[in-house]
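Read through the structure below, which is laid out as structure tokens, and then see the notes.
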Amino acid sequence: MIKPLIIGNWKMNHGRQEALHFATRFCEQNKIKKGVDVALAPSFLSLSVVKEALKDLPVLIGGQNCHWMDQGAFTGEVSPVFLKEAGCHFVLLGHSERRHLFLENSLDIGKKVSAVMHHHMTAVLCIGEKEAERDANQTFTVLKNQLEQGLSGVVSPLLLVIAYEPVWAIGTGKNATPEQVVEVHAFLRAEMIAKFGKEVGEKIRILYGGSVNTSNAKSLLACPHVNGLLIGGASLKIDSFLQIIDDAPPFERN
Ligand code: PGA
């Protein structure tokens, strides 16, 4: 069994004050279930307050994006080096909002994956098909292309997490059915094994994301090869986030 990973993606929500309020209350509740890895991706400006407020809890902190270069004339960008300095353990890359609203392409995302690993952080590569692509039976072709380009520069496969988020399920309240999730996750597991070999490929965590909430988390987590969740809206409230963490099957060492 792979230890489940539950990541809250706050997107452009919770500025420093709200983030501090969340983190302080989250810490007071001190209810994080053992055997589950818990992570939060606040906005860049909220990273330091969240990191400090949660220092006594086993919560990993990460960025929502970064550039592939360490430094330079890239106005408005954030370097992976700065994220590392801020105490980040991981970076979300290729989120569908980055791909579709900010026109990021898979080749640039691949450079980011490589840069993040180079700085010893985990790269959470987000992939997913649009509704029209699913309707046209192109789901697996789209995912395969996103993987091929996104993983072209992987330096440390053990620092890789894949997050499957069908674009049509993000923020829409329409989550994929367990059958669709089982089918895609089995495909992604086979791809990981084909690319990195059985031993490593079986260890890479594959998360599901897209309208995960307290009513569907348990059944999604029960699907084979779903090793955790990437949660947007439901991670903004402490109660729902904690409830979902509690729904994850805890990892026990043999
Ligand atoms: P959602 O977002 O849970 O609000 O659908 C998920 C994500 O975008 O990572």
Take region 95-114 and flag every residue that is in a helix (DSSP H, G or I) and within 16 Å of the ligand (Cβ to nearest atom).
S96, E97, R98, R99, H100, L101, I109
Name, by its number, the condition in (1) surrounded by fewer than 18 Cβ atoms within 10 Å (Cβ to Cβ); (2) in contact (Cβ under 8 Å) with a residue 60 or more places away in the chain that does not hold for T75.
(2)
Q29 fails exactly one of (1) exposed (fewer than 15 other Cβ atoms within 10 Å of the Cβ); (2) of a type in the set (S, T, N, Q); (3) closer than 30 Å to G110 by Cα, namely (3)
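For every residue, the table says whether it meets (1) surrounded by fewer than 21 Cβ atoms within 10 Å (Cβ to Cβ); (2) farther than 24 Å from I61 by Cβ; (3) in contact with a Phe, Trp or Tyr (Cβ under 8 Å, 6 or more places away or on another chain).
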| site | (1), (2), (3) |
| --- | --- |
| R98 | yes, no, no |
| K111 | yes, no, yes |
| H118 | yes, no, no |
| E131 | yes, yes, yes |
| Q138 | yes, yes, no |
| K144 | yes, yes, no |
| L158 | yes, no, no |
| E165 | no, no, yes |
| G173 | yes, yes, no |
Picking from S219, S215, S240, which residue would you name as being within 12 Å of the ligand (Cβ to nearest atom) and either part of a loop (DSSP other than H, G, I, E, B) or surrounded by fewer than 23 Cβ atoms within 10 Å (Cβ to Cβ) (or both)?
S240
Could you grab me the full set of residues in region 78-120 that are touching a residue at least 24 places away in the same chain (Cβ under 8 Å), at positive phi and either touching a strand residue (DSSP E or B) at 6+ places or on another chain (Cβ under 7 Å) or of a type in the set (A, V, I, L, M, F, W, C) (or both)?
G87, G94
Positions within region 155-210 being among the β-branched types (V, I, T), away from the ligand (no atom under 13 Å from the Cβ) and in a loop (DSSP other than H, G, I, E, B), in sequence order
V155, T177, I204
Between a residue in region 166-192 that is farther than 20 Å from R99 by Cβ and modelled with pLDDT under 95 and any residue that is away from the ligand (no atom under 16 Å from the Cβ) and outside any helix (DSSP H, G or I), which pairs come within a Cβ distance under 6 Å, given they are 6 or more apart or on different chains?
P178/C223
Conditions: (1) more than 15 Å from the chain's Cα centre (by Cα); (2) closer than 30 Å to L20 by Cβ. W168 meets all but one. Number of the miss?
(2)
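The values are calculated or read from the model by the stated rules, or taken from the named source; none is laboratory data. Keep in mind it's a predicted model, so treat the numbers as computed, not measured. Please note: Cβ atoms are built from the backbone with ideal geometry, for glycine as well, and neighbour counts cover all protein chains shown.
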